[in-house]
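One structure below.
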Amino acid sequence: MTPRKPAANSADQHAANLTPRVRAHNPTCNDPLVLAHDRALLEGMPIVRGDVREVDALIADLDAWIDWDRPVAVLLIAVLHFVTDDYDPAGIVRAFTGRMVPGSVVALSHGCSTGADPAALAQVEKVYQGASAPGVARTREQIAGLFGRRLELVPPGLVPVQHWPHEAGPLTAIPVLGGVGVVPDPWAG
Ligand SMILES: C[S@@+](CC[C@H](N)C(=O)[O-])C[C@H]1O[C@@H](n2cnc3c(N)ncnc32)[C@H](O)[C@@H]1O
């Protein structure tokens with residue numbers, strides 16, 4: 001899941017830059033405009049239109065491209081804060097981890113209400129009231145819960161994205177927390 005207009009610093013571009021080492025990269029998005037940009041800029045990559053709120057259908061479409069018997073990485077970067085509780089964001093992550101073999105990872109980032117400037121939060125909520133994708137800031141605890149039981153967070157854990165993997169850059173008025181969870185190998189010593 002790496003939607004949005006591909007830009008120099010987007011997850012799409014970082015993954016694209018790694019393509020010699022990454023076997024497949026499937027930008028997935030529910031926005032036709034973003035997909036049109038993806039198709040133009042990420043030439044030759046399989047791109048799937050999908051909505052994470054219909055995760056079973058999305059995974060069924062991805063089955064054509066992804067070998068779930070090998071470790072995979074799912075990047076839910078700045079996506080789940082557009083998914084309201086009605087659509088069970090933790091269940092969306094679980095649907096992916098349920099298919100994953102050990103060594104697979106989920107990276108996610110999410111706008112956080114814990115420690116946020118109340119005025120900035122109110123302003124963002126107002127802006128997103130009229131938007132097609134409603135913005136939902138969650139508490140640190142709620143975001144940590146999205147990783148579920150199967151994933152083990154790797155250091156430095158769930159931290160502001162500017163601090164992953166080490167401190168760089170100033171924090172934002174509304175923190176965006178990010179973390180990477182790995183499906184552990186139950187047989188590893
Ligand atoms: C802030 S951008 C994400 C940026 C991108 N992941 C990156 O790292 O560059 C949010 C994206 O989430 C997508 N999105 C929002 N709701 C979605 C949904 N229910 N299913 C799939 N994509 C969704 C939007 O279309 C938008 O492209």
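Annotations for the structure displayed:
- Residue list for the range 73-92, filter: in contact with a helix residue (DSSP H, G or I) (Cβ under 6 Å, 6 or more places away or on another chain) and away from the ligand (no atom under 13 Å from the Cβ): Ala90
- Number of residues in the range 129-153 that are in a loop (DSSP other than H, G, I, E, B) and either surrounded by 13 or more Cβ atoms within 10 Å (Cβ to Cβ) or among the β-branched types (Val, Ile, Thr) (or both): the value is 10.
- The set of residues in the range 172-186 that are within 26 Å of Gly98 (Cβ to Cβ) and at pLDDT 95 or above comprises Leu177, Gly178, Gly179, Val180, Gly181, Val182, Val183, Pro184.
- Of all residues in the range 22-49 being in a loop (DSSP other than H, G, I, E, B) and modelled with pLDDT of 70 or more, the one that is farthest from the ligand (Cβ to nearest atom): Pro46
- In the range 50-72, the qualifying residues are those that are within 13 Å of the ligand (Cβ to nearest atom) and not charged (D, E, K, R), and the one that is farthest from the chain's Cα centre (by Cα) is Ala57.
- Residue, farthest from Arg94 (Cα to Cα), within the range 154-187, restricted to residues that are in a loop (DSSP other than H, G, I, E, B) and touching a Lys or Arg at 6+ places or on another chain (Cβ under 9 Å): Pro175
- Note on the range 103-128: residues that are in a loop (DSSP other than H, G, I, E, B), more than 19 Å from the chain's Cα centre (by Cα) and surrounded by fewer than 18 Cβ atoms within 10 Å (Cβ to Cβ) total 3.
The values are calculated or read from the model by the stated rules, or taken from the named source; none is laboratory data. The shown structure was predicted, so the numbers you read here are calculated from the model rather than taken from an experiment. Counting neighbours? That spans all protein chains shown, and the Cβs are built from the backbone with ideal geometry, glycine included.
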